[in-house]
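J.: My structure is below; once you've seen it, I'll send some questions.
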Amino acid sequence: MPATDGVKPSRRDQILDAAAELFARHGFHGVGIDDIGAAVGISGPALYRHFKSKDAMLGEMLTAISDRLLDGGLGRVAAAGDDAAAALRDLVRWHVDFALDDPALITVQIRNLANLTDPDRRRVRALQRRYVEVWVETIRRTAPEVDEPTARAAAHAVFGLINSTPHSAHLDRDQMASLLSGMALAALTGLPSTDLTPA
């Protein structure tokens, strides 16, 4: 996972980053331990000092993605306080930034849920459900008359738009962020009585 504040990523994080790029490019089953080791300059068997298996690596990767999305989403909603429209704008921008900065992780998340072990899949699904509920609650705060199924469908539709970035990011990063944020908010303004004009 990407390092922050100029901190050099740990060897474990370097391995996860390399694995995410390879899984996104070649698929989980198209990548071997030796491929991942070569990408970080160590032997394949040396990876077992950090992860007990490729399955464990994928489980940690997808759990970390889901944790990061949920924590970031909760943080942005909390920071917006009582301003529901600002909270939704910040949620949209948070997800857009994540998708643009980590397209490999988005691709791996979309394609590889079925490759997780049962315990990891349950854990990731639980985190993803909580993240969706953050969106549902925020959407309904902007338009209380919108029922939960509609808000949930709208959230998933917006995720589909934003998560298309590995295939659709043909502009520079800032232009793409503005385009996606504007499109997502425009879609959400189609719900009854919302006023989410980008700030």
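The values are calculated or read from the model by the stated rules, or taken from the named source; none is laboratory data. This one's a predicted model, so the numbers in the text were calculated from it and none came from an experiment. Here Cβ is always computed from backbone atoms with ideal geometry, including for glycine, and neighbour counts include all displayed protein chains. Heads up: the accessible areas ignore ligands, DNA and RNA and are worked out on the full protein's heavy atoms, side chains in. Shrake-Rupley method; radii C 1.70, N 1.55, O 1.52, S 1.80 Å.
J.: Apply 1/(1 + (r/R0)^6) to the Cβ-Cβ distance of A187 and D55, taking R0 = 30 Å, and write down the FRET efficiency to the nearest 0.05. Let's see the in-between values first.
T.: Details: r = 36 Å, r/R0 = 1.21.
So, using R0 = 30 Å, E works out to roughly 0.25.
J.: Pop out the ³J(HN,Hα) list for the range 170-176 in order, Karplus 6.51 cos²θ - 1.76 cosθ + 1.60 with θ = phi - 60°, rounded to Hz; leave Gly and Pro as x.
T.: Here the 3J(HN,Hα) series is 9, 10, 5, 4, 5, 5, 5 Hz.
J.: Probe radius 1.4 Å, ligands and nucleic acids ignored: give me the carbon and sulfur share of the accessible area of the range 89-199 as a rounded percent. Don't skip to the end; give the middle numbers.
T.: Details: 2950 of 5480 Å².
Solvent-exposed carbon and sulfur of the range 89-199 make up 54 percent of the total.
J.: Which of L161, L171, L180 moves the most in a Gaussian network model of the chain with Cα springs under 10 Å?
T.: Comparing L161, L171, L180 in a Gaussian network model of the chain, the most mobile one is L171.
J.: Please list 3J(HN,Hα) in residue order for the range 65-80, calculated via the Karplus relation 6.51 cos²θ - 1.76 cosθ + 1.60 where θ = phi - 60°; whole Hz, with x for glycine and proline.
T.: In residue order, the calculated couplings are 4, 5, 4, 5, 4, 5, 4, x, x, 4, x, 6, 5, 5, 5, 6 Hz.
J.: How big is the equivalent ellipsoid of the range 20-125 along its three axes, where each semi-axis is √(5λ) from the Cα gyration tensor, reported in whole Å from largest to smallest? Kindly include the intermediate steps, with their values, before the conclusion.
T.: On the way: eigenvalues 200, 40, 28 Å².
One finds semi-axes of 32, 14, 12 Å for the range 20-125.
J.: When the Cα centres of the range 70-91 and the range 107-183 are compared, how far apart do they sit, in Å?
T.: The range 70-91 and the range 107-183 have Cα centres spaced 15 Å from each other.
J.: Given Cβ point charges of +1 (Lys, Arg) and -1 (Asp, Glu) and nothing else, what value in debye, to the nearest 20, does the dipole of the range 107-192 about its Cα centre take?
T.: Numbers: 11 positive and 9 negative charges, 72 e Å.
The calculated dipole for the range 107-192 is roughly 340 debye.
J.: Return the single residue from R93, R140, R11 with maximal mean-square fluctuation; model: Gaussian network over the chain, springs between Cα atoms under 10 Å.
T.: Answer for the Gaussian network model of the chain: R11.
J.: Now for a separate question. Please find, in a Gaussian network model of the chain (springs between Cα atoms separated by less than 10 Å), the residue of E21, E145, E137 whose mean-square fluctuation is greatest.
T.: The residue with the greatest mean-square fluctuation here is E145.
J.: Rounded to the nearest 500, what is the chain's calculated 222 nm mean residue ellipticity when only DSSP H runs of at least 4 contribute -39500 (n - 2.57) each, over all residues? If you can, show how the numbers build up before the last one.
T.: Values: 9 runs with 138 residues, N = 199.
The per-residue figure over the chain is -23000 deg cm²/dmol.
J.: Return one whole number: the accessible area per residue of the range 1-159 in Å², for a 1.4 Å probe.
T.: On the way: 7570 Å² over 159 residues.
I get 48 Å² per residue for this part.
J.: With +1 assigned to the C-beta of every Lys and Arg and -1 to the C-beta of every Asp and Glu, and no other charges, what is the dipole magnitude of the chain about the Cα centre in debye, to the nearest 20?
T.: 580 debye
J.: Find which of F51, F28, L69 sits farthest along the positive direction of the dipole of the range 4-74, computed with +1 on the beta-carbon of Lys and Arg, -1 on that of Asp and Glu, about the Cα centre.
T.: Among F51, F28, L69, the one farthest towards the positive end of the dipole of the range 4-74 is F51.
J.: Suppose every Lys and Arg Cβ carries +1 and every Asp and Glu Cβ carries -1, with no other charges. What dipole size does the range 1-101 come out with about its Cα centre, to the nearest 20 debye?
T.: Values: 11 positive and 15 negative charges, 64 e Å.
Rounded to the nearest 20 debye, it is 300 debye.
J.: Which ³J(HN,Hα) values in Hz, rounded to whole numbers, follow from the phi angles of the range 145-160 under the Karplus curve 6.51 cos²θ - 1.76 cosθ + 1.60, where θ = phi - 60° and Gly and Pro get x?
T.: 6, 6, 6, 4, x, 5, 4, 5, 4, 5, 4, 5, 5, 5, 4, x
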